[in-house]
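Encoded as structure tokens, the structure appears first; notes follow it.
The values are calculated or read from the model by the stated rules, or taken from the named source; none is laboratory data. Every value quoted in this text rests on a predicted model; they were computed, and no experiment measured them. A quick note on method: Cβ atoms are made from the backbone with ideal geometry, for glycine too, and the neighbour counts reach across all protein chains shown. Protein only, heavy atoms only, side chains kept; ligands, DNA and RNA dropped before computing areas. Shrake-Rupley method; radii C 1.70, N 1.55, O 1.52, S 1.80 Å.
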Amino acid sequence: MQTATYYQQPMAMKPVNAVDHLRSSIAHLLTRGLNLPCSTAAQSYNQMVPSTSRFQLALDVLLPLLDSTAELSQRILASYIIYALYAPHPISMNPFQSALSVAFAKERELATKIVPDDGISQNEQLVWVLWKILKGDGGDIGPFSANNLARSPVPPNLRASKLTLKEEGGDIGQAKFDPFADDSQHEGPTHGESVLDAEREREIEKLSQGMALLLAARDRVLTLSEQRVLGPLIPQLTATPILTSQDLPQLIANNPTLAHPILVSLLSQSVIDTYLDVLRHLPPTLPTYDVLGRLLRDTTAVRDQTTGGKTTIADIVRNEVLGWFIHESIIWLDRAEEDERAGRISDDRFAKGVQNLCRFFISLANHNIVDLTSDADTAEMKHFTLRNAWIEEANVLYRTFALNGY
């Protein structure tokens, strides 16, 4: 019996839709790229999307996010990518400018009319980002991640109600000129009003630049000119804390000179426990010693949260931070010694760390911040220097303790 031979036809494969794949990739970027610098996320968009499709996909995927209930950080990132697509050109040449302007006006109106109990609208940061973009300063946003921008409160002078964009035909978000309305309603501003408006705009612009620099100070060392711009603005910028406790260690590591006045301003506010805890757990490095040394000599008067009276920054740091910091530093150095012996590290961080901690403690004694005759001030350092007396600085400090009655 002859067996029939059946030839199975290959199963038809469902063609992969390239557009759907790109949409999925963009959605993934808007979820996974929120902790990346906005400029990096924008570059990723350009790399994954062919140049011929960037405008259309921005129109179909990114633009709808501006008028949606998506997470604030996603809306911020979408706004920046839309800007970055045409960043080499003036914002007036960006085909999405009108849409960004409409979003700015709408979000500003929401922020000023729908205000929660704490007086700060949830979309204030998005309004500021859109304002920066439409002012032509979108590049200032690039170094920051969307998540950082979303959780960084804006200072009072940069709140949505303060931000305007003057263009031909009036401020964005304001009514256009109506030729049939009462002429008295459209009288132009007086010279005095124009001067005040110009001064107010300059102040807001300067404060906005300061905010960008303060955020940048977490990630890099600011130049001297940038520090001079930021310095006078610190009291205003810290009135509404822009920086979180997680930001402070990196800020101190990169810019200890600026960290001092920033911390003084933060410690002068009503809630300081979080900032004190950050200082207690800083790594024993030269920038840390620099900042703590400045704070321990700072006589700025602040409210004593315990008694309700007056105290100083120096007294707060001396009583609430110093002993704990030294304890944590010794633990940090003991762990570094263990890592060195186990071969997990090959640098000299332990020996250098011991040297620097001992020099810091001697400096504290020279400034009468610690009392070498007090067991409470010196007990832990006495044991530490004895264990590490083979290091010259530890030996010197140990002998200093001995001369003072140890």
List the number of the failed condition for S329; all other conditions in (1) crowded, with 20+ Cβ neighbours inside 10 Å; (2) over 21 Å from A259 (Cα atoms); (3) among the small types (G, A, S) hold. (2)
Exactly one of L364, L386 is more than 16 Å from W332 (Cβ to Cβ), buried (at least 16 other Cβ atoms within 10 Å of the Cβ), modelled with pLDDT of 90 or more and not charged (D, E, K, R), and that one is L364
Given the options V19, V49, name the one that is at pLDDT below 85 and out of contact with any Cys (no Cβ under 6 Å at 6 or more places or on another chain). V19
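Residues in the stretch 113-122: is at least one at pLDDT 85 or above, under 22 Å from L158 (Cβ atoms) and buried (at least 18 other Cβ atoms within 10 Å of the Cβ)? Can you show your working first?
Of all residues in the stretch 113-122, those at pLDDT 85 or above come to none.
No.
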Considering the stretch 335-352, residues that are of a type in the set (A, V, I, L, M, F, W, C) and under 34 Å from the mean Cα position of the chain (by Cα), and then whichever is farthest from N388 (Cα to Cα), we arrive at I345
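Within the stretch 28-65, restricting attention to residues that are among the β-branched types (V, I, T) and in contact (Cβ under 8 Å) with a residue 12 or more places away in the chain, which residue is most open to solvent (accessible area, probe 1.4 Å)?
Of all residues in the stretch 28-65, those among the β-branched types (V, I, T) come to 31, 40, 49, 52, 61.
If we keep only those that are in contact (Cβ under 8 Å) with a residue 12 or more places away in the chain as well, we get 31, 49, 61.
Values: T31: 80, V49: 2, V61: 28 Å².
So, considering only residues that are among the β-branched types (V, I, T) and in contact (Cβ under 8 Å) with a residue 12 or more places away in the chain, the one most open to solvent (accessible area, probe 1.4 Å) is T31.
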Any idea how many residues of the stretch 243-258 are open to solvent by less than 30 Å² (accessible area, probe 1.4 Å), without any contact (Cβ under 8 Å) to a residue 40 or more places away in the chain and over 19 Å from V154 (Cα atoms)? 3
I need a count of the residues in the stretch 271-316 that are over 20 Å from S329 (Cα atoms) and either part of a loop (DSSP other than H, G, I, E, B) or among the acidic types (D, E) (or both). 13
Please determine whether any residue of the stretch 339-348 is buried (at least 18 other Cβ atoms within 10 Å of the Cβ) and either at positive phi or not aliphatic (A, V, I, L, M) (or both). no
Looking only at the stretch 292-310, and only at residues there that are surrounded by 16 or more Cβ atoms within 10 Å (Cβ to Cβ) and in contact with a strand residue (DSSP E or B) (Cβ under 8 Å, 6 or more places away or on another chain), the one that is modelled with the lowest pLDDT: V302
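Does I369 qualify as being open to solvent by less than 80 Å² (accessible area, probe 1.4 Å), part of a loop (DSSP other than H, G, I, E, B) and in contact (Cβ under 8 Å) with a residue 60 or more places away in the chain?
Against the criterion (open to solvent by less than 80 Å² (accessible area, probe 1.4 Å), part of a loop (DSSP other than H, G, I, E, B) and in contact (Cβ under 8 Å) with a residue 60 or more places away in the chain), I369 qualifies.
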Please specify each residue of the stretch 331-349 satisfying the condition of being touching an Asp or Glu at 6+ places or on another chain (Cβ under 9 Å) and either at pLDDT 95 or above or of a type outside the set (A, V, I, L, M) (or both). E340, R344, S346, D347, D348, R349
Please name all residue pairs, on different chains or six or more residues apart, with Cβ atoms under 7 Å, provided the first residue is in the stretch 92-105 and is closer than 14 Å to Y80 by Cβ and the second residue is open to solvent by 70 Å² or more (accessible area, probe 1.4 Å) and modelled with pLDDT under 90. A103/D67
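For P179, indicate whether it is outside any helix (DSSP H, G or I) and either at pLDDT 70 or above or open to solvent by 20 Å² or more (accessible area, probe 1.4 Å) (or both).
Details: outside any helix (DSSP H, G or I): yes; either at pLDDT 70 or above or open to solvent by 20 Å² or more (accessible area, probe 1.4 Å) (or both): yes.
For P179, the condition - outside any helix (DSSP H, G or I) and either at pLDDT 70 or above or open to solvent by 20 Å² or more (accessible area, probe 1.4 Å) (or both) - is met.
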Considering only helices (runs of 4 or more DSSP H) fully contained in the stretch 40-117, which possess at least 3 residues that are out of contact with any strand residue (DSSP E or B) (no Cβ under 8 Å at 6 or more places or on another chain) and aliphatic (A, V, I, L, M)? 63-66, 72-84, 97-113
Only unsatisfied item for S68, checking (1) open to solvent by 30 Å² or more (accessible area, probe 1.4 Å); (2) at pLDDT 85 or above; (3) closer than 26 Å to P153 by Cα, is (2)
Please go through (1) of a type in the set (A, V, I, L, M); (2) assigned to a helix (DSSP H, G or I); (3) open to solvent by less than 30 Å² (accessible area, probe 1.4 Å) for V19 and return the number of the only condition it doesn't satisfy. (3)
